[in-house]
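Undergrad: A single structure is presented below for examination.
The values are calculated or read from the model by the stated rules, or taken from the named source; none is laboratory data. The model shown is predicted, which means the values in this text are computed figures rather than measured ones. No Cβ is skipped: glycine too gets one built from the backbone with ideal geometry, and neighbour counts run over all protein chains shown. In case anyone asks, the SASA skips ligands and DNA or RNA and just uses the protein heavy atoms, side chains included. Shrake-Rupley method; radii C 1.70, N 1.55, O 1.52, S 1.80 Å.
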Amino acid sequence: AMFPIALRLQTIDPARFRVFPISWEKFPDGTDNITISGYSPTNEIAGEHVLFFGSFHNNDVTLSQFSVMIVLLQSLIESFTLVLPFYPVGTMERVDVEGKVATASTYSILLSNLPSIGKPNRIMMYDLHTLQNRFYFHGTSIASLHSAVPSLLSRIAGLGIEAVAFPDEGSSKRFGKLFDRANFSRIVCGKVRDGSKRIVTVQDGDPNGKEVIIVDDLVQTGGTLYECALALKAKGAVRVSAFVTHAVFPNNCWKDFCVNLNGPKAIFHKFYVTNSIPTVTYNLPEDDVFEVVDLLPQIISDLDMGGSERR
């Protein structure tokens with residue numbers, strides 16, 4: 001899923017980055033038959049700073065990628081960086097019933113026990129759902145947390161958006177300061193109980209007469225974003241757009257937001273997402289409400305926080 005992004009990285013700076021393709025095949029019994037290039041006739045991986053683009057979009061491919069990472073780390077490399085833009089288990093970081101499995105913890109244990117190369121493995125993640133996930137990592141791996149908001153700010157500069165809205169107080173606390181610096185008005189929504197129902201209302205800020213963009217870390221079915229947009233329009237917002245870093249959209253529910261498909265949630269002027277989950281964003285229509293904000297320039301910038309060696 002991440003191979004096209006790796007190829008673009010090599011095109012941008014071929015003197016620094018070189019792509020080694022991986023063949024992800026299966027044996028007839030369904031087990032992995034993986035071949036990593038760069039090992040034959042000589043080992044070209046040894047001594048290099050290795051950058052691995054990961055996508056844990058389902059359990060099968062995740063296990064396969066762990067196999068590859070172990071081999072790479074056993075190849076006498078100089079350093080290892082895993083670019084994992086979306087950490088899919090980040091929402092499962094706690095349990096309220098004994099016996100439930102907090103997969104955010106189990107995945108972090110697996111990543112924290114990758115082979116040691118004498119220095120920490122860096123795991124780059126974007127807009128992690130709950131920031132305390134970083135403290136689950138220990139041992140051989142360190143979480144390196146980043147945000148896609150700077151990419152969004154670059155994209156919407158000069159478009160006339162005057163205010164940023166957050167679906168809840170938590171999102172406001174997390175992302176608000178990034179937009180305050182850009183002089184956006186801040187609006188906070190939230191759910192209140194109305195009898196047996198919980199409805200989304202505008203709890204702070206004034207959207208009246210403003211063009212507003214709702215910002216959150218991820219979208220599943222998008223119900224809360226939709227209700228937030230309804231509340232903003234009811235309070236006089238001229239136009240409402242949305243941005244999420246991670247477009248999960250299970251079961252292709254992105255179609256609900258498409259104007260051309262008369263989707264039941266087609267309320268947004270623009271719906272910005274990043275390509276952190278390529279298996280989803282490759283399928284989004286280009287002639288509708290969605291616009292994919294490329295995360296690669298931000299990854300390159302954030303990667304340089306750890307040095308600019310050849311990779």
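Undergrad: In Å, what Kirkwood hydrodynamic radius results for the chain from the alpha-carbon pair distances? Intermediate values should be presented prior to the final figure.
TA: Values: mean 1/r = 0.0474 Å⁻¹.
After inverting the pairwise mean of 1/r, the radius is 21.1 Å.
Undergrad: Give me the distance between the Cα centres of segment 70-88 and segment 174-237, rounded to whole Å.
TA: The distance from the Cα centre of segment 70-88 to that of segment 174-237 comes to 38 Å.
Undergrad: Would you compute, from DSSP H runs of 4+ residues alone, the mean residue ellipticity of the chain at 222 nm, taking -39500 (n - 2.57) per run and dividing by the full residue count, rounded to the nearest 500?
TA: Values: 8 runs with 79 residues, N = 311.
After summing the helix terms and dividing by the residues of the chain, the value is -7500 deg cm²/dmol.
Undergrad: Put +1 on the Cβ of each Lys and Arg and -1 on the Cβ of each Asp and Glu in segment 180-311; which of Val248, Ile187, Ala231 then has its Cα farthest toward the positive end of the dipole?
TA: Farthest along the dipole direction, towards plus: Ala231.
Undergrad: How tilted is helix 3-12 with respect to the longest principal axis of the chain? Cα atoms for both, answer in degrees (0 to 90, nearest 10).
TA: So the helix axis and the longest Cα principal axis differ by about 80 degrees.
Undergrad: Tilt of helix 223-234 relative to the longest C-alpha principal axis of the chain, in degrees (0 to 90, nearest 10)?
TA: It works out to around 30 degrees.
Undergrad: Using a 1.4 Å probe, what is the accessible area per residue for segment 184-233, in Å²? Display every interim value, and only then the final one.
TA: Details: 2330 Å² over 50 residues.
That works out to 47 Å² for each residue.
Undergrad: Just to be sure I follow the definition: excluding the sites themselves, where is the longest run in the chain that has none of the chymotrypsin sites (Phe, Trp or Tyr not before Pro) in a DSSP loop with at most 15 other Cβ atoms within 10 Å?
TA: Details: sites that count: Tyr39, Tyr282.
That would be 40-281.
Undergrad: What's log10 of I(q)/I(0) for segment 130-269 at q = 0.16, 0.17, 0.20 Å⁻¹, Debye sum over Cα points only, no solvent?
TA: -0.89, -0.98, -1.28
Undergrad: Here's something else I'd like to know. With a 1.4 Å probe and all protein chains left in place, how much of the accessible area of segment 1-143 comes from carbon and sulfur atoms, in whole percent?
TA: Details: 4280 of 7390 Å².
Carbon and sulfur atoms account for 58 percent of the accessible area of segment 1-143.
Undergrad: Please list log₁₀ I(q)/I(0) at q = 0.10, 0.22, 0.23 Å⁻¹ for segment 54-146, using the Debye equation with identical point scatterers on the alpha-carbon positions.
TA: At q = 0.10, 0.22, 0.23 Å⁻¹ the computed log10 ratios are -0.25, -1.16, -1.26.
Undergrad: Further, regarding this structure: On a 32 Å Cα-Cα criterion, which of the cross-link pairs Lys197/Lys270; Lys210/Lys265; Lys100/Lys233; Lys26/Lys270; Lys100/Lys270 come out too long? All intermediate terms of the calculation are to be shown ahead of the outcome.
TA: Values: Lys197/Lys270 29 Å; Lys210/Lys265 21 Å; Lys100/Lys233 39 Å; Lys26/Lys270 40 Å; Lys100/Lys270 38 Å.
Flagged as over cut-off: Lys100/Lys233; Lys26/Lys270; Lys100/Lys270.
Undergrad: Check cross-link reach from Lys177 to the aspartates and glutamates: straight Cα distance under 16 Å, and skip same-chain residues fewer than eight apart.
TA: Asp127, Glu162, Asp168, Glu169, Asp204, Asp216, Asp217
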